[in-house]
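S.K.: Below is a structure I'd like to ask you about.
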Amino acid sequence: GDLAEAEEYHLKSLAIEEELGRKEGMASQYGNLGIVYQTRGDLAKAEEFYLKALTIDEELSRKEGMASQYGNLGIIYQTRGDLAKAEEFYLKSLAIEEELGLKEGMARQFGNLGNLYRRQGDLAQACKAWRTSRRLFEDVGAMLEVEKVQASMDEAGCDQEKVDDKDEAG
């Protein structure tokens, strides 16, 4: 919870990574700094650092890093109310997570999409995305995340039986 100290250590680590010319480490630290600024509510600074991380990850073809930064940027854009751009970035992240077979990342992006669709007023799409998110989190044993997704579904009034039958048939 000590964001000032976290920032200080990430900046120190970034300086070392830069000195050593380790781009992978630089990308990780830029992403970590983005999280610090996002947590503080400084979305412009968070976006700046996520974009720096993304640029390096793309240059190095680090797909996991790219997926992470696309997801982080999606959250920034959704928070700002740019829902179309948020969806674009969530879908980019999801595509990479699927390509890599990373169920936890896929679950995270389906959860983000569920939140986005609910905000857009498309409850059917939201429930479908959350259901997929919940199933994937169950698959990897992330029970705390399962509970969080289920809480979103319950709050939104997702009809479990109807959605389950419809999805399995379709």
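The values are calculated or read from the model by the stated rules, or taken from the named source; none is laboratory data. All figures in this text were calculated on a predicted structure; none of them were measured in a lab. No Cβ is skipped: glycine too gets one built from the backbone with ideal geometry, and neighbour counts run over all protein chains shown. Only protein heavy atoms, including side chains, enter the accessible area calculation; ligands, DNA and RNA are left aside. Shrake-Rupley method; radii C 1.70, N 1.55, O 1.52, S 1.80 Å.
S.K.: Search the range 18-69 for residues being acidic (D, E) and under 16 Å from the mean Cα position of the chain (by Cα), and hand back the single one that is surrounded by the most Cβ atoms within 10 Å (Cβ to Cβ).
M.R.: Going through the qualifying residues, I end up with D57.
S.K.: Still on this model: Is the range 3-17 home to any residue that is at pLDDT 95 or above, more than 16 Å from the chain's Cα centre (by Cα) and part of a loop (DSSP other than H, G, I, E, B)?
M.R.: no
S.K.: A follow-up question, please. Taking the conditions exactly as written (of a type in the set (S, T, N, Q), under 16 Å from A67 (Cβ atoms) and surrounded by 13 or more Cβ atoms within 10 Å (Cβ to Cβ)), does S13 satisfy them or not? Give the steps one after another, and end with the answer.
M.R.: Numbers: of a type in the set (S, T, N, Q): yes; under 16 Å from A67 (Cβ atoms): no; surrounded by 13 or more Cβ atoms within 10 Å (Cβ to Cβ): yes.
In short, no.
S.K.: Identify the single condition in (1) open to solvent by 50 Å² or more (accessible area, probe 1.4 Å); (2) polar (S, T, N, Q); (3) within 19 Å of I35 (Cα to Cα) that Q78 does not satisfy, given that it satisfies every other one.
M.R.: Here Q78 clears every test but (1).
S.K.: Here are L73, L91: which of them is under 17 Å from A27 (Cβ atoms), assigned to a helix (DSSP H, G or I), at pLDDT 95 or above and among the aliphatic types (A, V, I, L, M)? Even if it seems obvious, please write down each step before you answer.
M.R.: On the way: L91 fails: under 17 Å from A27 (Cβ atoms).
Checking each option against the conditions leaves just L73.
S.K.: In addition: A44 - would you say it is without any contact (Cβ under 8 Å) to a residue 24 or more places away in the chain and either in a helix (DSSP H, G or I) or not hydroxyl-bearing (S, T, Y) (or both)?
M.R.: Numbers: without any contact (Cβ under 8 Å) to a residue 24 or more places away in the chain: yes; either in a helix (DSSP H, G or I) or not hydroxyl-bearing (S, T, Y) (or both): yes.
Answer is yes for this residue.
S.K.: Which number in (1) at pLDDT 95 or above; (2) surrounded by 15 or more Cβ atoms within 10 Å (Cβ to Cβ) marks the one condition that V163 misses?
M.R.: (1)
S.K.: Among the residues of the range 111-148, count how many are under 15 Å from D82 (Cα atoms), open to solvent by 30 Å² or more (accessible area, probe 1.4 Å), out of contact with any Leu (no Cβ under 8 Å at 6 or more places or on another chain) and part of a helix (DSSP H, G or I). First the steps, then the outcome.
M.R.: First pass over the range 111-148, keeping only residues under 15 Å from D82 (Cα atoms): 112-113, 115-121.
Filter once more, so that each one left must be open to solvent by 30 Å² or more (accessible area, probe 1.4 Å): 115, 118-121.
Now drop any that are not out of contact with any Leu (no Cβ under 8 Å at 6 or more places or on another chain), which leaves 115, 118, 121.
Remaining after also requiring part of a helix (DSSP H, G or I): 115, 118.
Qualifying residue count for the region: 2.
S.K.: I need the full set of residues from the range 47-70 which are without any contact (Cβ under 8 Å) to a residue 12 or more places away in the chain, of a type in the set (D, E, K, R) and not in a helix (DSSP H, G or I), in order please.
M.R.: Listed by number, the list is empty, since nothing qualifies.
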